[in-house]
Structures are given as structure tokens and as C-alpha cells.
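Undergrad: The following block contains the structure, expressed as C-alpha cells.
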Amino acid sequence: MGRWKTVILDTLVMTAGFGTLTFMSVAKPDIIGHFNITSDQYDLQHVAYVFGLFVAFLLGHTRIYEGSFKRSVGIAVSWAAIPQILIPFVGNWNIVVFLRFIQGFVVGLVPLFSTQIARYFIAERPFAKGIILSGIFWGGVFGNIAARYLLGYVDWKTGFVITGLVIYLVYLLWFLLVEDFEIKHPKSGDARINVWKLPFTWALGFTFFPALWVIFTIIGFTTKLGYDIGWTKDHVSTLSTTLNLSKALWSIAFGYLGFVLSKKNTTPRGLFNAIVKVMIIAYAFGFAGLLLYSKAMLSGNYELALFSVVLVGALQGTGPAFWTSAPATYPENVVPRANFALGLISNSANAIAPSITEALARTNEELALIELSMMPLIGILALIIASRMKLPVETT
């Protein structure tokens, strides 16, 4: 099957996997009523889900994703699908929270697809990855619309079951059409390098940390500030939808920029230099957006806020470049393990960013906005440091 058709199918799997998870927020009133819980108790499921996104990368260092690539993707989508189907039949809210934690493991699709596209592309990797990553945000947009439509015809329990089955239907289509291969993790005696012992791994992993800090904080933070300002539910929803659309489109656009820059020099150092340039440009756009966002939220200027989130979404442009860095910089035999290691380091932001930002906002909203605005500058500094280090592939 054609390489780009595979990219489109990967994107559909991402869209289905992450889009299905939006059903929880759309069905919020029904769920609160069914389980007889408070809004604060309801929010625990989101905290658990975000923490699951972090823990998911630990699984990449086990044998669970070793062997058949198709089987590994099936396991990854099952983390989302099976809990989705089970939630309506669970009577205890604490179990639902745990199932939401498990659903966060679906992010394992990201490093798995990174390993896949490394086999098919070189200079085109950022563009292919940008398209695939956009599926996360298409899922947020279309999943929200589809969930609202579905709830007009069925009760929330049936909706959960249907959306869980949709993931498997899309996976089945993907399974029948894509090529399989074997994922090999080097055995302890075979690996030429231990990715965790390399300072480069930690430096590179941290280059994406500031972007994820903002990406996983900004929507919830915007919702809180928006309602505090007095904006309506439609206003807040429009901001969220605009931000998701922005992230999807920036992901593709910066992925294409990565391709344009990468094809000029396809040596490991040339590819990595292109990755660094793309991420710095994305951080620069994001920094400008966050400055405007801060001004808009402090002044209550909705039009400016709407424009600012379009620029803030450019932070997602760092993603396609980052997720193609392992194949460019590590020896081929450790790329799968490096993908999960880099994901674990960068996604540690998921576990702490929302709570730290919320704590700062309770003290002073300006302080929280300054913290968010500084993240792109930290990201640029991290990229400069990483760009001056020797690549693992250059030392073996």
C-alpha cells in the first residue's frame, strides 16, 4: 500500500482513538447525575486521564509493544476502547476514574506510529508525522460534534458503547490495509547504547516539555478564566474548538516546513538541524500568541483571545519535528526505545503542569500567565543546548 495512504489511515486511527474520549465531557451532566457526584469529583477523571498519558510511555520499556506492529497498535487502541465500553456498566465512580487513567495509555500510538513512518520516509518524516498528529486534534473537534449529535438519539450509556466500538471498526479497516513489521527491542547484551544514560536523551526530551506544558494546560485554564470573566458557554466552547483546529492545522503546516528544510540535507546532523529550526519557529509563534493571550484574558477582550489561541496553537508545530527526532539521531536498533524514552521525559509535563498553573492562578492570575508565556522561551533555550550536543548516531 502507498506510503501516504498509510499516513492517512494512521491519522484516522488517531482521530477515532482520541475523538472517542471527548464523549466523557459532552455527557458530563448525565454522568454527574447517574453517579451522584459533584463537579469536583467529576474532574478527577480528567486528572487521572492526563496522568495516564504520562505513564503510557513507561509501557514502551516493557515487552508489551514488542513483536507485531499491528498487534501493538491493537493493544494501544484497546486502552481507549475497552474502558469506553465498560464505563456504562460500572457502578462505582472510583473505578470509572481508574478506567479513565487506563484510557490515557492510548497515547502510545504516537511513538508507535513514529517508529512506523521512520521505515517509509526520511526527509518527509516531519510532514507525515504532522498529518498523523493532527488526528489528535481532529478527534477533539469532530469527536465533540459527533458526541453531541449521538446524544440526541441515544442515552449516554449506549453512546459510550457505540463510540468504543467505533475505535475497533476504524482499527479493523487500518489492520486490513497497512503493512505489518516486527518491532524489536534490543536485549540488554545487544544494545550498543542505553538511551537513559545519554545526556542527549534528557536534553532532547526536555525540548518538547515546555510545549506540552502549555498544550495540556491551556484549554482547562481558558475555560476557568473565561467563565470567571463572564463569557458564555458558547464563547468558551468556540475558544476551545478554535484552539483544537489551530493545533491540527499548525501540526500539518510545520510538518511540511520540516520536510522542506529536511530535504536539503538528509544526513543525521542535517535532519536534526531542520528539526531544531522548525521547533524554534513554532515556539516563537507560540510565544507571541501567549503574550496576546495574556493581554486578552486580563482585559476580558474576547476577540483578541480568539485571535491569540490561533497563534498559541502553533506550539503543536513542535510535535511533528520532535517525534521524528529519534530516527534522525539514534542508531536504528534503539529507535523504538528512544521514542518511548523521549515521550516519557517530555510528557512528564502532563502530570504536573495543570495543577501547578492552577495553584499559581489561585495566588495571582498574572503570575500563572507569566509562567505559561515563559515556556516557549525555555523551549528555545533547551533546543539551543541540544543542538550543540553530539548525536548518539555520531558516537557509535
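Undergrad: Which pairs have Cβ atoms under 7 Å, sit 6 or more apart or on different chains, and link a residue in segment 287-307 that is of a type in the set (S, T, N, Q) to one that is part of a helix (DSSP H, G or I)?
TA: Listed by first residue and then by second, the contacts come to Ser294/Leu369; Ser294/Ser373.
Undergrad: Among the residues of segment 285-301, write down those that are in a helix (DSSP H, G or I) and surrounded by fewer than 18 Cβ atoms within 10 Å (Cβ to Cβ).
TA: Going through segment 285-301, the residues in a helix (DSSP H, G or I) turn out to be 285-299.
Listed by number, the residues that qualify are Ala288, Leu291, Lys295, Leu298, Ser299.
Undergrad: Of the conditions (1) under 28 Å from Leu177 (Cα atoms); (2) surrounded by fewer than 16 Cβ atoms within 10 Å (Cβ to Cβ), Ala80 fails just one. Which one is it?
TA: So Ala80 meets the others, but not (2).
Undergrad: Pairs needed: first member in segment 34-45, exposed (fewer than 14 other Cβ atoms within 10 Å of the Cβ); second member anywhere, part of a helix (DSSP H, G or I); C-beta distance under 8 Å; at least 6 residues apart or different chains.
TA: If the second residue must be part of a helix (DSSP H, G or I), the pairs left are Thr38/Ile32; Ser39/Ile32.
Undergrad: Scanning for something within 24 Å of Thr222 (Cβ to Cβ), surrounded by 18 or more Cβ atoms within 10 Å (Cβ to Cβ), in contact (Cβ under 8 Å) with a residue 12 or more places away in the chain and among the β-branched types (Val, Ile, Thr), does segment 354-367 turn up at least one residue?
TA: Checked segment 354-367: at least one residue is within 24 Å of Thr222 (Cβ to Cβ), surrounded by 18 or more Cβ atoms within 10 Å (Cβ to Cβ), in contact (Cβ under 8 Å) with a residue 12 or more places away in the chain and among the β-branched types (Val, Ile, Thr).
Undergrad: Please verify whether Ser72 is hydroxyl-bearing (Ser, Thr, Tyr), over 28 Å from Pro268 (Cβ atoms), assigned by TED's automatic domain parsing to the domain that holds Ile162 and assigned to a helix (DSSP H, G or I), treating the condition exactly as stated.
TA: Details: hydroxyl-bearing (Ser, Thr, Tyr): yes; over 28 Å from Pro268 (Cβ atoms): no; assigned by TED's automatic domain parsing to the domain that holds Ile162: yes; assigned to a helix (DSSP H, G or I): yes.
Criteria not met by Ser72.
Undergrad: Restricting the search to segment 347-391, which residues are polar (S, T, N, Q) and farther than 27 Å from Phe272 by Cα?
TA: Step one: list which residues in segment 347-391 are polar (S, T, N, Q), which gives 347-348, 350, 355, 357, 363-364, 373, 387.
Matches in segment 347-391: Ser355, Thr357, Thr363, Asn364.
Undergrad: Still on this structure: Between Phe54, Phe105, which is aromatic (Phe, Trp, Tyr) and either surrounded by fewer than 16 Cβ atoms within 10 Å (Cβ to Cβ) or in contact (Cβ under 8 Å) with a residue 60 or more places away in the chain (or both)?
TA: Values: Phe105 fails: either surrounded by fewer than 16 Cβ atoms within 10 Å (Cβ to Cβ) or in contact (Cβ under 8 Å) with a residue 60 or more places away in the chain (or both).
Within the list Phe54, Phe105, the selection yields Phe54.
Undergrad: May I ask you to verify whether Ile64 is aliphatic (A, V, I, L, M), part of a helix (DSSP H, G or I), surrounded by fewer than 18 Cβ atoms within 10 Å (Cβ to Cβ) and out of contact with any helix residue (DSSP H, G or I) (no Cβ under 6 Å at 6 or more places or on another chain)? Write out each step before concluding.
TA: Numbers: aliphatic (A, V, I, L, M): yes; part of a helix (DSSP H, G or I): no; surrounded by fewer than 18 Cβ atoms within 10 Å (Cβ to Cβ): yes; out of contact with any helix residue (DSSP H, G or I) (no Cβ under 6 Å at 6 or more places or on another chain): yes.
Judged against the criteria, Ile64 is not a match.
Undergrad: Just wondering, is there one or more residues in segment 7-29 that are hydrophobic (A, V, I, L, M, F, W, C) and touching a strand residue (DSSP E or B) at 6+ places or on another chain (Cβ under 6 Å)?
TA: Of all residues in segment 7-29, those hydrophobic (A, V, I, L, M, F, W, C) come to 7-9, 12-14, 16, 18, 21, 23-24, 26-27.
Okay, now just the ones that are also touching a strand residue (DSSP E or B) at 6+ places or on another chain (Cβ under 6 Å), so none.
The answer is no, given that none of the residues of segment 7-29 is hydrophobic (A, V, I, L, M, F, W, C) and touching a strand residue (DSSP E or B) at 6+ places or on another chain (Cβ under 6 Å).
Undergrad: Tally up the residues in segment 148-186 that are closer than 30 Å to Phe340 by Cβ, of a type outside the set (D, E, K, R) and modelled with pLDDT under 90, please.
TA: We begin by selecting, within segment 148-186, every residue closer than 30 Å to Phe340 by Cβ; these are 160, 163-186.
If we keep only those that are of a type outside the set (D, E, K, R) too, we end up with 160, 163-178, 181, 183, 185-186.
Now drop any that are not modelled with pLDDT under 90, which leaves 183, 185-186.
Residues that pass the stated criteria total 3.
The values are calculated or read from the model by the stated rules, or taken from the named source; none is laboratory data. Worth saying up front: this structure is predicted, and the values here are computed from it rather than measured. Positions of Cβ are backbone-derived with ideal geometry, glycine not excepted, and every protein chain shown enters the neighbour counts.
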